[in-house]
Amino acid sequence: MAEHPAYPVGLRLTGRRVVVLGGGQVAQRRLPALIAAGADVLLVSPEATPSVEAMADAGEITWERRAYTSGDLADAWYALIATSDPDANAAASAEAERHRVWCVRSDDADAATAWTPATGHSEGVTVAVLTTNARGRDPRHTAAIRDAVVEGLRDGTLVAPHHRTRTPGVALVGGGPGDPDLITVRGRRLLAEADVVIADRLGPRDLLAELPPHVEVIDAAKIPYGRYMAQEAINNALIEHARQGRSVVRLKGGDPYVFGRGMEELQALAEAGIPCTVVPGISSSISVPGAAGIPVTHRGVAHEFTVVSGHVAPDDERSLVDWPALAKLTGTLVVLMGVDKIGRIAETLVAHGKSPDTPVALVQEGTTAAQRRVDATLATVAETVVAEDVKPPAVIVVGEVVAVGSRTPASGA
């Protein structure tokens, strides 16, 4: 048998009995995929890892807390043998052979009738990589090939043309805080497949250079107190290009729904009958402080964090923020879009009870090569912003966690 390559096949296990012998680390790694395949999983093992036990408690698998006995594989379609008892493994393998049950063995692949490939997934595609024969099996090499293919599909460097007509529409993609590596894999794949990209100034700009020449890039930047593309114009551009049958990505900084006007764009598309996909992104309200070594929560320091927009001052009639209430909270306050208003914000917080000595950190251009952190207090932050020439975009963190972060800076921050 070892002279011939394995024959690859996809097993459709929905509703079919799969027997797993052994509840250790091998089972812990393999069970999630079997559950996702809809298999009727029977685990036979006296013991199990906490994660495997949790699967049984949740009803995802049936667990019989005992050792293997002859007859356990009689009704199985597929078996995974992974006990710590070589004799039990050999006996179960022999039973699988008698009953013509495809069987994987974790202790002796050559004695098994099936091998588990290194698998990965990318938006409706499963990549499975097998060594051609038992001789020279190298699981690390197989996994490396799998990883390379899946990563290429996810980030768009390995593009397989669609041979079926794609449904035109719009994807609202959260690009994360700025570092191109922090966009989600789904967001990066959709970006690689786009015909048109309407990009924010705060999105991951480096990714635009990777787009093929035929992709049209529309600048939807909103520069504070400077040039900007009106929201109505952005909505119209999304609708117009989608109606032309093009795949459109609206690339936004952070998350589309965290002060990103994502819902406004979604509503406009819905009214126009344009299908829309929303891809969440990593919000700068959490990631930028983290990149600067500041945890927004910390045991014994902050049990809560609040994210607010600072684009209008506390005394502005348009403000929807209850600043007096925020001043009474003991947790962390994260202010976005508030650099030019931080003086009045600090005065308001102090006036309603927040200590003037409360630490403040301003993280400018977070997660990018230009990132810098400036520390102050509520009493000094207004003059510090001027003295240090802090410019947007900057995330402002108010609270004792700032001091925690200053004692333990993040690696690479």
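A few notes on this one:
- Just one of the listed residues (232, 240) is among the charged types (D, E, K, R) and either under 26 Å from the mean Cα position of the chain (by Cα) or over 26 Å from residue 192 (Cβ atoms) (or both), namely 232.
- Selection within the stretch 62-98 - surrounded by 15 or more Cβ atoms within 10 Å (Cβ to Cβ), within 22 Å of residue 38 (Cβ to Cβ) and in contact (Cβ under 8 Å) with a residue 24 or more places away in the chain: 63, 72, 73, 76, 77, 78, 79, 80, 81, 82
- Those residues of the stretch 53-69 which are closer than 12 Å to residue 21 by Cα and touching a helix residue (DSSP H, G or I) at 6+ places or on another chain (Cβ under 6 Å), in sequence order: 63, 68
- Identity of the residue in the stretch 318-353, within 33 Å of the chain's Cα centre (by Cα) and hydroxyl-bearing (Ser, Thr, Tyr), that ends up surrounded by the most Cβ atoms within 10 Å (Cβ to Cβ): 332
- One residue stands out in the stretch 360-370 among those that are polar (S, T, N, Q) and more than 16 Å from residue 337 (Cα to Cα): the one that is nearest to the chain's Cα centre (by Cα), namely 367.
- Of all residues in the stretch 267-281, those satisfying the criterion of being surrounded by 19 or more Cβ atoms within 10 Å (Cβ to Cβ) and under 19 Å from residue 175 (Cβ atoms) are 269, 276, 279, 281.
- All strands (runs of 3 or more DSSP E) inside the stretch 112-176 with 1 or more residues being modelled with pLDDT under 80: 118-122, 125-129
- Filter result (assigned to a loop (DSSP other than H, G, I, E, B), free of Cβ contacts under 8 Å to residues at least 60 places away in the same chain and not hydroxyl-bearing (Ser, Thr, Tyr)) within the stretch 2-38: 9, 12, 15, 23, 37, 38
- Flag if residue 300 is outside the structural domain of residue 179 (by TED's automatic domain parsing) and not in a loop (DSSP other than H, G, I, E, B): no
- Some residue of the stretch 228-248 being part of a helix (DSSP H, G or I) and touching a Cys at 6+ places or on another chain (Cβ under 9 Å): yes
- Scanning the stretch 264-280 for residues that are part of a loop (DSSP other than H, G, I, E, B), within 25 Å of residue 337 (Cα to Cα) and at pLDDT 95 or above turns up at least one hit.
The values are calculated or read from the model by the stated rules, or taken from the named source; none is laboratory data. Just so you know, these numbers come straight off a predicted model, no measurement behind them. Every residue, glycine among them, receives a Cβ derived from its backbone with ideal geometry; neighbour counts consider all protein chains shown.
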